[in-house]
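The values are calculated or read from the model by the stated rules, or taken from the named source; none is laboratory data. Just so it is clear, the model here is predicted, and its values are computed rather than measured. Counting neighbours? That spans all protein chains shown, and the Cβs are built from the backbone with ideal geometry, glycine included.
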Amino acid sequence: MPVKIDKRVVRRSFSRAASTYDSYSGIQRYAARMLVDAVPQELVASPPVALDIGSGTGEILGLLADRFPASMVTAMDISQEMLKKSRLKGFKPTPYFVSGDLNHLPFWDKGFNLITSGLTYQWVTDLSGAFAEAFRVVEPGGLFLLSVMSEGTLKELNECFNKVTNGETELMDFVSVSSLKRVARAAGFEVTHAYEETIEREYDGLLGLLRALRGIGASMHRSVGDRGLGRGTRVKAAVPVYSKLFPAKGEVGVMATYNIAYLLLRRP
């Protein structure tokens, strides 16, 4: 079933989380480092004109600045509050900050030779359109490196809430690596490299997991208008179920799984 996501809800959720994002973004920081480390070394000799899509509070911006000090970087995010938080970090060279929608990128054709995006495209309903827009704004020979939360992410949460609600709660689907590759190729990209890794994290309980998700602005519900995971009697009912089904390896806490897909795409 296609993921249905209201962009207004996404913008509002991430704007609200701008002040807490850095406190809960451990996985995002890790994925950002992995992504920037994968930028081919040959770009160092020719400083990139880069676009970071879904730049958030600027984790990738800082890494790009460290690796390519002479680069020209544009940071784009749907949330003005995230951009404001990023500006305050004083990155050098100073990026251009632009508010925009990745399905309608506000840039000229072929304007960048490098595009990065860290854990953003899982919040997109129209993946095909979003990849087509990225293809449009990257120049021939240019690269698009992205990480995406992929199929199987937070599978424990999905199983727990399905048990509590008898399958009535529809949590968000995550796309498979094969689907990402198919969409990328359909947009015109060559898939130079694609791989996936699984990361397990421990939390002090289901409420701790939900608090961490809210802290980065994530909403796991598929349907527009859903009241969210953080409200209602279903969360209270789910707490002991989650603890019983998915205990941490230590004496206390619970486990959660994140699958992260990394893709290195090239425009021919």
Selection count where residues are outside any loop (DSSP other than H, G, I, E, B) and either touching a helix residue (DSSP H, G or I) at 6+ places or on another chain (Cβ under 8 Å) or of a type in the set (D, E, K, R) (or both), scope the stretch 70-85: 8
Number of the exception - A75 against (1) at pLDDT 90 or above; (2) out of contact with any Pro (no Cβ under 8 Å at 6 or more places or on another chain): (2)
Hits in the stretch 86-117 (condition: in contact with a Gly (Cβ under 7 Å, 6 or more places away or on another chain), among the aromatic types (F, W, Y) and part of a loop (DSSP other than H, G, I, E, B)): F91
Boolean, V138 is surrounded by 22 or more Cβ atoms within 10 Å (Cβ to Cβ) and at pLDDT 95 or above: yes
Top-ranked residue of the stretch 58-69 - restricted to ones that are small (G, A, S) and not in a loop (DSSP other than H, G, I, E, B), ranked as nearest to the chain's Cα centre (by Cα): G62
Pick from the stretch 236-268, criterion outside any helix (DSSP H, G or I) and among the basic types (K, R), ranking: farthest from the chain's Cα centre (by Cα): K249
Test set (1) buried (at least 17 other Cβ atoms within 10 Å of the Cβ); (2) touching an Asp or Glu at 6+ places or on another chain (Cβ under 8 Å); (3) within 20 Å of L265 (Cα to Cα); (4) touching a residue at least 60 places away in the same chain (Cβ under 8 Å) - G111 fails condition number: (1)
Looking only at the stretch 25-54, and only at residues there that are of a type in the set (G, A, S) and closer than 22 Å to Y195 by Cα, the one that is surrounded by the fewest Cβ atoms within 10 Å (Cβ to Cβ): G26
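Filter the stretch 119-170 for residues that are outside any helix (DSSP H, G or I) and charged (D, E, K, R); which is nearest to the chain's Cα centre (by Cα)?
Filtering the stretch 119-170 for residues that are outside any helix (DSSP H, G or I) and charged (D, E, K, R), the one nearest to the chain's Cα centre (by Cα) comes out as E151.
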Test set (1) modelled with pLDDT of 80 or more; (2) in contact with a Ser or Thr (Cβ under 9 Å, 6 or more places away or on another chain); (3) among the basic types (K, R) - K84 fails condition number: (2)
Where A70 falls short, out of the listed (1) loosely packed, with under 15 Cβ neighbours inside 10 Å; (2) within 30 Å of V235 (Cα to Cα); (3) aliphatic (A, V, I, L, M): (2)
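Going by what's in this entry, would T116 be described as crowded, with 22+ Cβ neighbours inside 10 Å and at pLDDT below 95?
On the way: crowded, with 22+ Cβ neighbours inside 10 Å: yes; at pLDDT below 95: no.
The answer is no for T116.
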Flag for R201 being of a type outside the set (S, T, Y), in contact with a strand residue (DSSP E or B) (Cβ under 9 Å, 6 or more places away or on another chain) and within 18 Å of V239 (Cβ to Cβ): yes
Top-ranked residue of the stretch 236-260 - restricted to ones that are farther than 17 Å from L213 by Cα and among the aliphatic types (A, V, I, L, M), ranked as surrounded by the fewest Cβ atoms within 10 Å (Cβ to Cβ): V252
Condition met for L213 (under 16 Å from the mean Cα position of the chain (by Cα) and in a helix (DSSP H, G or I)): yes
Some residue of the stretch 77-92 being within 27 Å of E151 (Cβ to Cβ) and either over 16 Å from the mean Cα position of the chain (by Cα) or of a type in the set (A, V, I, L, M, F, W, C) (or both): yes
Selected residue (criterion: farthest from G215 (Cα to Cα)) from residues of the stretch 42-57 that are part of a loop (DSSP other than H, G, I, E, B) and touching a strand residue (DSSP E or B) at 6+ places or on another chain (Cβ under 7 Å): P48
